[in-house]
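**Q** One structure, pasted below without further comment.
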Amino acid sequence: MTSIPDLIKKKRDGGALSDEEIKTFIHAVTNRTIEESQTGAMLMAIWLKGMVQEEVENLTRAMMSSGEVMSWPKEWAGLVVDKHSTGGVGDKVSLVLAPALAACGCKVPMISGRGLAHTGGTLDKLESIPGFNVHQSAAQILEILRSVGCCIVGQTETLVPADRVLYALRDVTSTVDSLPLITGSIMSKKGAESLSALVLDVKFGRAALYKDLQSAKELAQLLVRVGNGLGVPTGAILSRMDATIGGCVGNSLEVIESLETLKGNGPDDLMELVTTLGSLLLKMTGSVSDLSEGRRRICDAVIGGAALSKFQAMMEAQGVANETARSLCSAHTDYYSVLRKSEHQMELKTPADGVVVDVGGLKLAEVLHKLGAGRSKAGGPVNHSVGAELLVSLGQRVRKGESWLRLHYEDPAPSPDQIHGLQSALTLGTRENTQTRTLVEDVLLPQ
């Protein structure tokens, strides 16, 4: 059997690893029979030399098979779906999309992640709801899907254990942005969910991992090819990530905005993503004949309240007290009677007359992260109450001294530098240079 140093040397020198060699490496990672330094060396060799598609497929399959692969009742055939986003600012799509899909008859075992760096994590948002338990076993997931139709959970102990090891090391070895490693990580988890259809929201722009459309498209095409190669019908959208999605950033605030969306009061950009991703999944499962019918069905589920009922049922199934869930979903609720409110709020004022041309999502997210809304290392705490609400929208004309952002913070107060950072996110101009742009740039259907 080839030794681990030989495998590292082969990849370092630009060779393509065989299926057997990749299995040997992943087996050693899963069983911890490999030195951490050797795993780091292999990750760097992959980062430097890349992988051909066959290698990426073999890596993904080996990671997927490193633990339990989920199985579903026969009568759910063709109905088990999920979505994955490459991460954004104010990205609360999952909280609206999962219950909307369940209301359309799908089964959605959504396995989500936590926030790291400037992007927020779906699990952190949900944990701002008292009692919400993201840790569910495979048996519990099956039961929740049977009774509700959707759940949003963290990766179980037995699902893709190889990814847990590699994911942690990619961060400390500066190999996060390797296409083969990103693909292996995302698609192994989704493959282990035994899905009937998967849709990916691959983001590009100033607040995304990939700044330009071309590199995001490269990742999207690879993910779609590998997903379909694993036997999971996979589609993708390419969406713009410059400003925030919706008007709220921060865990509790994003839950409030998601609930408002489920009550029919959602912002246009968030609804655009929810209906586009949802319609693609409904089309891929054969539930609708075309994307416009899919959009209409998702929209009806959200506007008509069926998705809100599913969200309430999901909260209760995942540990939230019945009274709490009912209160959050009622028409005229005081959200802060349930969710934690920050100690302090502060409103930032516009520096001049003008039209709101841009609000830099990355700048907002970076300051909020430092104020406690995010974590600087895996496993660290987050402050659910820290966040910001946009009080203006793109294209809106404002007068000097109007409030444009409400900051929610705890002690210590933000520093003058941080206030300056937030203010620099706002760009004012004249009406001529503003244009409303849709977020979705392209749609890749399964091959």
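**Q** Go through (1) over 30 Å from Ser239 (Cβ atoms); (2) surrounded by 14 or more Cβ atoms within 10 Å (Cβ to Cβ) and name the single condition Ser3 misses.
**A** (2)
**Q** Restricting attention to segment 192-207, which residues are open to solvent by 10 Å² or more (accessible area, probe 1.4 Å) and over 15 Å from the mean Cα position of the chain (by Cα)?
**A** At the first step, the residues of segment 192-207 found to be open to solvent by 10 Å² or more (accessible area, probe 1.4 Å) are 194-196, 204, 206.
Listed by number, the residues that qualify are Ser194, Leu195, Ser196, Arg206.
**Q** Of the numbered conditions (1) aliphatic (A, V, I, L, M); (2) farther than 21 Å from Leu95 by Cα; (3) touching a residue at least 24 places away in the same chain (Cβ under 8 Å); (4) crowded, with 18+ Cβ neighbours inside 10 Å, Val338 satisfies every one except a single condition; which is it?
**A** In the conditions (1) aliphatic (A, V, I, L, M); (2) farther than 21 Å from Leu95 by Cα; (3) touching a residue at least 24 places away in the same chain (Cβ under 8 Å); (4) crowded, with 18+ Cβ neighbours inside 10 Å, Val338 misses (2) alone.
**Q** Could you look through segment 261-318, keep only residues that are hydroxyl-bearing (Ser, Thr, Tyr) and part of a helix (DSSP H, G or I), and pick out the one that is surrounded by the fewest Cβ atoms within 10 Å (Cβ to Cβ)?
**A** Taking segment 261-318 and keeping what is hydroxyl-bearing (Ser, Thr, Tyr), we get 261, 275-276, 279, 285, 287, 289, 292, 309.
This time we only want the ones that are part of a helix (DSSP H, G or I), so: 261, 275-276, 279, 292, 309.
Numbers: Thr261: 24, Thr275: 24, Thr276: 23, Ser279: 25, Ser292: 12, Ser309: 17.
That would be Ser292.
**Q** Next question. Return the total of residues in segment 36-63 being open to solvent by 30 Å² or more (accessible area, probe 1.4 Å) and closer than 18 Å to Tyr167 by Cβ. Please lay out each step first, then the result.
**A** Within segment 36-63, the first condition is being open to solvent by 30 Å² or more (accessible area, probe 1.4 Å), and the residues that meet it are 36-38, 41, 44, 47-49, 51-54, 57, 61.
Next, from what is left, pick out any that are closer than 18 Å to Tyr167 by Cβ: 36-38, 41, 44, 47, 51, 61.
So the count comes out to 8.
Residues are listed down the side, and each one gets a yes or a no for (1) within 28 Å of Gly305 (Cβ to Cβ); (2) within 13 Å of the chain's Cα centre (by Cα); (3) without any contact (Cβ under 8 Å) to a residue 40 or more places away in the chain:
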| position | (1), (2), (3) |
| --- | --- |
| Asp91 | yes, yes, no |
| Met110 | yes, yes, no |
| Phe132 | yes, no, no |
| Val148 | yes, no, no |
| Gln155 | no, no, no |
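**Q** Out of curiosity, is Thr276 hydroxyl-bearing (Ser, Thr, Tyr), at pLDDT 95 or above, under 18 Å from the mean Cα position of the chain (by Cα) and over 30 Å from His332 (Cβ atoms)? First the steps, then the outcome.
**A** On the way: hydroxyl-bearing (Ser, Thr, Tyr): yes; at pLDDT 95 or above: yes; under 18 Å from the mean Cα position of the chain (by Cα): yes; over 30 Å from His332 (Cβ atoms): yes.
Considered against the rule, which asks whether it is hydroxyl-bearing (Ser, Thr, Tyr), at pLDDT 95 or above, under 18 Å from the mean Cα position of the chain (by Cα) and over 30 Å from His332 (Cβ atoms), Thr276 comes out as yes.
**Q** Could you list all residues from segment 404-426 that are of a type in the set (S, T, N, Q) and exposed (fewer than 14 other Cβ atoms within 10 Å of the Cβ)? Reasoning before the result, please.
**A** So the first thing to find is which residues in segment 404-426 are of a type in the set (S, T, N, Q), and the list is 415, 418, 423-424.
Result: Ser415, Ser424.
**Q** Which of the residues belonging to segment 173-191 are β-branched (Val, Ile, Thr) and open to solvent by 10 Å² or more (accessible area, probe 1.4 Å)? Can you show your working first?
**A** Taking segment 173-191 first, the residues β-branched (Val, Ile, Thr) are 173, 175-176, 182-183, 186.
Scanning segment 173-191 gives Thr173, Val176, Ile182, Ile186.
**Q** When you go through Gln312, Gln318 one by one, which is the residue that is in contact with a Phe, Trp or Tyr (Cβ under 6 Å, 6 or more places away or on another chain) and either among the polar types (S, T, N, Q) or closer than 21 Å to Gly235 by Cβ (or both)? Spell out the reasoning first.
**A** On the way: Gln312 fails: in contact with a Phe, Trp or Tyr (Cβ under 6 Å, 6 or more places away or on another chain).
On inspection, the qualifying residue turns out to be Gln318.
**Q** Given Glu193, Glu218, Glu157, which one is among the acidic types (Asp, Glu) and assigned to a helix (DSSP H, G or I)?
**A** On the way: Glu193 fails: assigned to a helix (DSSP H, G or I); Glu157 fails: assigned to a helix (DSSP H, G or I).
Checking each option against the conditions leaves just Glu218.
**Q** Next up: Among (1) in a helix (DSSP H, G or I); (2) open to solvent by 20 Å² or more (accessible area, probe 1.4 Å), which single condition is Ser66 missing?
**A** Of (1) in a helix (DSSP H, G or I); (2) open to solvent by 20 Å² or more (accessible area, probe 1.4 Å), only one is false for Ser66: (1).
**Q** On the basis of being more than 19 Å from Met271 (Cβ to Cβ) and touching a Pro at 6+ places or on another chain (Cβ under 8 Å), does Val320 make the cut?
**A** Values: more than 19 Å from Met271 (Cβ to Cβ): yes; touching a Pro at 6+ places or on another chain (Cβ under 8 Å): yes.
Yes, satisfied.
**Q** Only one of these conditions is not met by Val160: (1) open to solvent by 10 Å² or more (accessible area, probe 1.4 Å); (2) at pLDDT below 95; (3) more than 30 Å from Glu272 (Cβ to Cβ). Which number is it?
**A** (1)
**Q** Mind checking which residues of segment 208-226 are farther than 14 Å from Asp177 by Cβ, in contact (Cβ under 8 Å) with a residue 60 or more places away in the chain and either of a type in the set (S, T, N, Q) or open to solvent by less than 10 Å² (accessible area, probe 1.4 Å) (or both)? It would help to see each step written out before you state the result.
**A** So in segment 208-226, the residues farther than 14 Å from Asp177 by Cβ come out as 213-214, 217, 220-221, 223-226.
Right, trim to in contact (Cβ under 8 Å) with a residue 60 or more places away in the chain and you get 213, 217, 220-221, 224-226.
Within segment 208-226, Ala220, Gln221, Val224, Val226 meet the criteria.
**Q** Might you check whether a residue that is under 20 Å from Lys11 (Cβ atoms) and of a type in the set (D, E, K, R) occurs anywhere in segment 172-182?
**A** Narrowing segment 172-182 to residues under 20 Å from Lys11 (Cβ atoms): 172-182.
Adding the requirement that they be of a type in the set (D, E, K, R) leaves 177.
Checked segment 172-182: at least one residue is under 20 Å from Lys11 (Cβ atoms) and of a type in the set (D, E, K, R).
The values are calculated or read from the model by the stated rules, or taken from the named source; none is laboratory data. From a predicted model like this one, the values you see are computed outputs, not experimental measurements. So basically every Cβ, Gly included, is an ideal-geometry build from the backbone, and we count neighbours across all protein chains shown. With ligands, DNA and RNA removed, areas are computed over all heavy atoms of the protein, side chains included. Shrake-Rupley method; radii C 1.70, N 1.55, O 1.52, S 1.80 Å.
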